[in-house]
Structures are given as structure tokens and as C-alpha cells.
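Chemist: Input: one structure, supplied below.
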There are 2 protein chains.
Amino acid sequence: MVTLSEENYLKAIYHLGKQGKEAVSTNAIAEHIESKASSVTDMIKKLATKNLANYIKYQGVSLTEEGRLAAALVIRKHRLWEVFLVNKLNFSWDEVHDIAEQLEHVKSLQLVNKLDAFLEYPTHDPHGDPIPDKDGNYSPIKSINILEIDTGKEGTLSFVKDSSDVFLRYLNKNNLALGDTIKVLDFEPFDNSLTIETTTKKMIISKEVAQNLYLSV
Amino acid sequence: MVTLSEENYLKAIYHLGKQGKEAVSTNAIAEHIESKASSVTDMIKKLATKNLANYIKYQGVSLTEEGRLAAALVIRKHRLWEVFLVNKLNFSWDEVHDIAEQLEHVKSLQLVNKLDAFLEYPTHDPHGDPIPDKDGNYSPIKSINILEIDTGKEGTLSFVKDSSDVFLRYLNKNNLALGDTIKVLDFEPFDNSLTIETTTKKMIISKEVAQNLYLSV
DNA sequence: AGTAATTTTTAGTCTTGTCTAAAAATATTT
DNA sequence: AAATATTTTTAGACAAGACTAAAAATTACT
């Protein structure tokens with residue numbers, strides 16, 4: 001049995017080293033989960049004895065295949081619950097993190113999979129992060145919301161979810177095309193709209209449009 | 001902050017003494033939550049210092065108004081989640097208890113209330129137990145599933161949810177009327193039908209019919 | 001390479017919630 | 001009402017997870 005606390009460490013290791021494959025430092029983990037280095041050492045020893053992590057003293061930790069899968073499952077649950085909270089319960093996407101942080105620890109594979117079906121197999125959460133499948137795999141493409149506001153991060157428009165005529169006409173009219181480089185400048189909480197910047201201009205896009213733009217970063 | 005463990009004790013006290021008003025014994029609680037009497041003593045002392053319980057040594061515990069409300073909230077959450085699992089995720093009503101036992105501890109008043117709205121303000125969970133409202137109150141009437149099979153418990157038919165012509169004709173045809181005494185003899189998991197017994201006869205009713213019959217016990 | 005700075009680990013302590021075994025209080029029986 | 005049985009509480013121990021302070025290892029610097 002993987003405890004709540006163990007799950008949080010697995011998540012941290014997963015996020016800090018590319019999906020847990022790279023070794024991450026004790027200090028990085030401590031900072032990420034807001035604890036102390038000594039606590040981290042204790043826990044990673046425990047994860048190692050449980051075959052969830054590879055650990056060599058003073059050399060950092062990485063996840064075993066088993067650990068990677070366990071971490072991906074927690075992330076899958078987190079993101080599915082976020083979709084539920086936003087799409088079904090009408091939360092706004094900036095309110096759901098703390099609740100999903102609790103829901104992600106509920107244990108029942110049947111529950112995850114039924115929730116997945118109920119939500120009609122979403123591929124991305126409301127923040128634009130991709131949702132791992134049952135085997136822990138996911139596409140590296142993220143929806144536009146993922147670009148944090150005003151950090152200067154940019155992405156390349158590489159996929160549109162809705163390929164209806166009316167949406168493609170919208171893109172045409174606004175001079176947006178696959179391959180364009182996009183940066184997010186501002187987020188308006190009132191209607192969830194975004195101000196974005198391409199190489200040629202600045203514009204405001206609605207929540208509906210944002211949800212259909214996918215970028216590689 | 002009320003911890004997970006504290007919530008479980010509050011629930012137990014609430015269930016064992018009529019909504020926590022009557023004093024319940026240490027042993028009864030220990031048995032109910034499958035722990036030891038000494039652990040219970042420790043915890044009820046803690047609940048008392050937190051003003052959630054009234055405790056006099058060797059005299060049992062009851063809940064304070066604050067404790068009663070906290071317990072009712074946990075039960076409200078448990079039963080709402082059960083409705084969600086059965087009505088939205090298509091679980092059968094005998095599979096949902098353990099999952100709801102975890103979900104009931106998720107903290108967010110906003111979540112409970114949005115879930116309540118999403119489920120269209122259900123009054124009873126899939127087992128027939130009434131769902132407390134925001135103030136911890138609920139009707140003492142239970143839907144028929146609550147009568148445990150073959151325990152000899154009986155109730156009086158006192159309310160029908162669906163009052164359409166077609167349902168009332170069904171009741172007429174089958175000689176079921178308000179005031180009738182009803183006992184549940186068997187449950188068929190395949191289609192969730194029940195075998196019931198009135199003072200005059202024995203019959204099988206479908207899940208749909210059962211969901212509309214409410215009894216006072 | 002040798003010293004200084006940083007990172008990581010160890011050792012020992014604390015809190016929460018649980019347990020066993022023994023002591024104290026209450027209930028029951030005759 | 002005394003003796004016995006049962007229930008409840010206390011005392012002390014333990015596991016999980018976190019912390020502080022000190023020791024050990026690694027990395028960085030000159």
C-alpha cells in the first residue's frame with residue numbers, strides 16, 4: 001500500500017526529473033513539497049525499500065518503473081478530478097487545485113476509470129496539462145492555458161482540438177495558423193479570456209478558443 | 001481543524017446515540033470503528049478539549065452542538081458522494097461504501113454544495129438513508145432500501161416520491177397504500193429488485209418502484 | 001590539491017493515533 | 001451488601017512522518 005505521504009513524494013520526484021527518469025536532489029524535493037531535507041532522506045529510503053525509487057546515498061533519487069506508474073496514476077487522478085470540478089461542478093480553473101490535491105489520493109482503480117468515462121476521456125486538464133492514460137503515457141502537447149502568464153514562455157501552435165468549419169474560419173480571420181509562436185500576456189478571471197501575442201500581433205482570445213489551441217513547448 | 005480520525009469518531013458517536021444526543025459507551029464506539037477501548041478514551045478526551053464532545057469519565061460521550069454539526073457534515077458528504085457514484089458513475093449501490101468513506105473526508109464546503117446542486121439536491125442516498133442539509137437536519141423518513149434484508153425490521157409506508165398517475169395506478173393494482181406495514185425479505189443484486197412482505201402478501205418490486213417508496217421506521 | 005561552502009545524511013526528539021497490560025470504577029449477582 | 005464480572009481509564013510502548021542540530025560527503029574555489 002502506498003500512503004498519502006509517499007504519493008506526494010512520488011509526484012514530486014516525477015515532476016522534478018523528467019517523469020522521474022532523471023535523478024533529483026534531496027534539496028529540490030524538500031523545496032518542492034515544502035519540507036526539510038532530512039525528512040526527504042527518510043522518505044526516499046522508504047520508497048527505495050518498497051521498490052518505488054532508485055536511491056544511492058548523496059546521488060539523488062529517480063523512480064523505478066513501478067514508482068513511475070504509481071506517480072503517473074496520482075497525476076492522472078488529480079487531472080481528471082480537475083476536469084470534473086471545472087466541467088461538471090462549475091468551478092473556475094484557478095480554484096480547483098487544492099481540492100484535486102485531496103481527491104487524487106482516493107483509492108479505487110474502478111473509480112478513476114469510471115470518472116474518465118463519465119468525463120468522456122479528456123486528454124487535458126483545465127490548466128492545459130495532459131492527462132496520463134492507464135499506462136502512465138501522455139502526449140507532450142499542452143493546451144494554451146499551460147503557458148504561465150507573463151513568464152515569457154512561448155509555445156508553437158501544433159494542434160487544434162475542434163476542427164469544425166466555424167472554428168477554422170475563426171483562425172483564418174484572426175491570422176492564426178499551425179506553426180505560429182504564441183506567448184500568453186494576461187488572464188482575465190471574469191470570463192477566463194487570455195491576452196496572447198504572436199510574432200505579428202497581440203490579441204484577446206476567449207476561454208472557448210483557448211481550450212482548442214494546443215502547443216508544443 | 002478536524003482530522004480524518006476525529007471525523008470517524010464523530011460519525012460513530014453520531015450514529016450510536018440518536019444523532020449524538022445520547023451518551024454512548026466507550027466500548028460501543030470501539031466495536032463500531034473496530035479499535036480498542038483505550039484508543040477511544042484517548043480520542044474522546046481530545047474531542048472534549050476541542051469542544052466537539054461532552055465527556056464525563058466512566059459516563060460515556062455525547063456530541064456538543066458543534067460536534068453534531070461536524071458529524072452531520074461528514075455524513076452529508078458521504079451520502080452525496082454515494083449518490084454521485086451510483087447516479088453519475090454507474091456504480092451499483094452495494095459497491096460505493098468504501099469509496100464514499102474516503103471521499104467524505106475531502107475538505108471544501110464549496111465542493112459539497114456544488115456537488116449537491118449538480119446532483120439536483122437529492123434527499124436520500126442510494127441505500128435509502130436521508131441526506132442531512134447544510135444545517136445538519138433531515139427528515140426521519142427513509143426510502144425502502146434501508147430496511148436491512150431479513151432482519152425482521154419493518155416500516156410504515158408514509159410517502160411516495162413519484163405521484164404520477166401511472167405510479168399511483170401501479171400501487172392500486174398491487175394493493176399497496178399509505179399506512180401499510182412493509183418488511184424487506186430479499187435483495188436481488190442482478191437488477192436491484194426487492195422481495196417485500198406486507199401484512200397481506202409477499203411480492204417482488206423493481207428498483208424503480210423501491211426508489212419511490214418511503215417509510216417511517 | 002587543499003580549503004571553504006554547500007548538500008546530504010545521521011542521530012535524536014516530537015506529535016498523532018494506535019496498542020497491550022494493569023489499575024480503577026461501575027454493574028451484576030447471589 | 002459483599003463478591004464477582006465487566007467496563008473504562010491509565011501508563012507505557014510503538015510506528016509513521018516530520019523536525020533540529022550535528023556530522024559526513026560532495027562540490028566549488030583559489
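Chemist: Any residue at all in region B:108-125 that's among the basic types (K, R) and surrounded by 18 or more Cβ atoms within 10 Å (Cβ to Cβ)?
Modeler: Just the residues of region B:108-125 that are among the basic types (K, R), to begin with: B:114.
Now narrow it down to the ones that are surrounded by 18 or more Cβ atoms within 10 Å (Cβ to Cβ): none.
Looking for residues that are among the basic types (K, R) and surrounded by 18 or more Cβ atoms within 10 Å (Cβ to Cβ), one finds none in region B:108-125, hence no.
Chemist: Using beta carbons and a limit of 6 Å, which pairs, at least six apart or on different chains, have the first residue in region A:1-20 and touching a residue at least 24 places away in the same chain (Cβ under 8 Å) and the second one more than 7 Å from DNA strand D (Cβ to nearest atom) and among the charged types (D, E, K, R)?
Modeler: Close Cβ pairs satisfying both conditions: A:G20/A:R68.
Chemist: Collect the residues in region B:103-112 that are facing chain A (nearest Cβ under 10 Å) and either under 19 Å from the mean Cα position of the chain (by Cα) or in a loop (DSSP other than H, G, I, E, B) (or both), keeping them in residue-number order. Steps first, please.
Modeler: Here is the first cut: in region B:103-112, the residues facing chain A (nearest Cβ under 10 Å) are B:103, B:105-108, B:110-111.
Residues satisfying the conditions are B:L103, B:H105, B:V106, B:K107, B:S108.
Chemist: Under the condition of being of a type in the set (A, V, I, L, M, F, W, C) and more than 10 Å from every other protein chain (Cβ to nearest Cβ), which residue from region A:75-89 is surrounded by the fewest Cβ atoms within 10 Å (Cβ to Cβ)?
Modeler: Just the residues of region A:75-89 that are of a type in the set (A, V, I, L, M, F, W, C), to begin with: A:75, A:80-81, A:83-86, A:89.
Going one step further and asking which of them are more than 10 Å from every other protein chain (Cβ to nearest Cβ), we end up with A:75, A:80, A:83, A:86.
On the way: A:I75: 23, A:L80: 25, A:V83: 23, A:V86: 20.
Looking at the filtered set, the residue picked out is A:V86.
Chemist: Quick check: anything in region B:115-128 facing chain A (nearest Cβ under 10 Å) and closer than 20 Å to A:H105 by Cβ?
Modeler: There is at least one residue in region B:115-128 that is facing chain A (nearest Cβ under 10 Å) and closer than 20 Å to A:H105 by Cβ.
Chemist: Of the residues A:I99, A:I29, A:I33, A:I44, only one is farther than 30 Å from B:V83 by Cβ, more than 12 Å from DNA strand C (Cβ to nearest atom) and free of Cβ contacts under 8 Å to residues at least 40 places away in the same chain; which?
Modeler: A:I33
Chemist: Inspect all residues belonging to region B:55-67 and state whether any of them is away from chain A (no Cβ under 14 Å), touching a Pro at 6+ places or on another chain (Cβ under 7 Å) and more than 15 Å from DNA strand D (Cβ to nearest atom).
Modeler: Taking region B:55-67 and keeping what is away from chain A (no Cβ under 14 Å), we get B:55-67.
Narrowing further to those that are touching a Pro at 6+ places or on another chain (Cβ under 7 Å): none.
Looking for residues that are away from chain A (no Cβ under 14 Å), touching a Pro at 6+ places or on another chain (Cβ under 7 Å) and more than 15 Å from DNA strand D (Cβ to nearest atom), one finds none in region B:55-67, hence no.
Chemist: Considering only region B:23-56, how many residues are in contact with a strand residue (DSSP E or B) (Cβ under 9 Å, 6 or more places away or on another chain), assigned to a loop (DSSP other than H, G, I, E, B) and closer than 14 Å to B:A71 by Cα?
Modeler: So the answer is 1.
Chemist: Output the residue which, of all residues in region B:112-143 that are at pLDDT below 80 and of a type outside the set (S, T, Y), is farthest from B:P189 (Cα to Cα). Don't jump to the end; show me each part of the working.
Modeler: Of region B:112-143, the ones at pLDDT below 80 are B:128, B:139-143.
From the residues that got through so far, the ones that are of a type outside the set (S, T, Y) too are B:128, B:140-142.
Details: B:G128: 16, B:P140: 26, B:I141: 24, B:K142: 20 Å.
Out of the qualifying residues, it is B:P140.
Chemist: What residue, of B:I196, B:I146, is at pLDDT below 85 and out of contact with any Phe, Trp or Tyr (no Cβ under 7 Å at 6 or more places or on another chain)? Before the answer, list the steps.
Modeler: Details: B:I196 fails: at pLDDT below 85.
Sole residue among the options that is at pLDDT below 85 and out of contact with any Phe, Trp or Tyr (no Cβ under 7 Å at 6 or more places or on another chain): B:I146.
Chemist: Check A:A100, A:A12 and return the single one that is within 19 Å of the chain's Cα centre (by Cα), aliphatic (A, V, I, L, M) and within 12 Å of DNA strand D (Cβ to nearest atom).
Modeler: A:A12
Chemist: Here's something else I'd like to know. Restricting region B:57-85 to residues that are part of a helix (DSSP H, G or I) and either within 16 Å of DNA strand C (Cβ to nearest atom) or modelled with pLDDT under 95 (or both), which is farthest from A:K114 (Cα to Cα)? Please lay out each step first, then the result.
Modeler: Residues of region B:57-85 part of a helix (DSSP H, G or I): B:65-85.
This time we only want the ones that are either within 16 Å of DNA strand C (Cβ to nearest atom) or modelled with pLDDT under 95 (or both), so: B:67, B:70-71, B:74.
Values: B:G67: 34, B:A70: 30, B:A71: 29, B:V74: 24 Å.
Checking each candidate, the answer is B:G67.
Chemist: Can A:N51 be described as more than 12 Å from DNA strand C (Cβ to nearest atom) and within 14 Å of chain B (Cβ to nearest Cβ)? Steps first, answer last, please.
Modeler: Values: more than 12 Å from DNA strand C (Cβ to nearest atom): yes; within 14 Å of chain B (Cβ to nearest Cβ): no.
No; evaluated as a whole, the condition is false for this residue.
Chemist: It is to be established whether one or more residues within region A:159-176 are farther than 18 Å from A:V209 by Cβ, surrounded by 17 or more Cβ atoms within 10 Å (Cβ to Cβ) and at pLDDT 85 or above. Lay out the reasoning, then the answer.
Modeler: The first filter runs over region A:159-176 and keeps only residues farther than 18 Å from A:V209 by Cβ, leaving none.
No, region A:159-176 has no match at all.
Chemist: Now for a different question. Considering only residues that are surrounded by fewer than 19 Cβ atoms within 10 Å (Cβ to Cβ), within 18 Å of A:Q102 (Cβ to Cβ) and facing chain A (nearest Cβ under 8 Å), which ones fall in region B:90-102?
Modeler: B:D98, B:Q102
Chemist: Continuing with the same structure: Among the candidates A:S5, A:S39, A:S25, A:S35, single out the residue that is surrounded by fewer than 22 Cβ atoms within 10 Å (Cβ to Cβ), within 14 Å of chain B (Cβ to nearest Cβ), hydroxyl-bearing (S, T, Y) and within 10 Å of DNA strand D (Cβ to nearest atom). Quick ask: steps written out before the conclusion?
Modeler: Working: A:S39 fails: within 14 Å of chain B (Cβ to nearest Cβ); A:S25 fails: within 14 Å of chain B (Cβ to nearest Cβ); A:S35 fails: within 14 Å of chain B (Cβ to nearest Cβ).
Exactly one of A:S5, A:S39, A:S25, A:S35 is surrounded by fewer than 22 Cβ atoms within 10 Å (Cβ to Cβ), within 14 Å of chain B (Cβ to nearest Cβ), hydroxyl-bearing (S, T, Y) and within 10 Å of DNA strand D (Cβ to nearest atom), namely A:S5.
The values are calculated or read from the model by the stated rules, or taken from the named source; none is laboratory data. All figures in this text were calculated on a predicted structure; none of them were measured in a lab. When we count neighbours, we look across all protein chains shown, and the Cβ atoms used for this are built from the backbone with ideal geometry, even at glycine.
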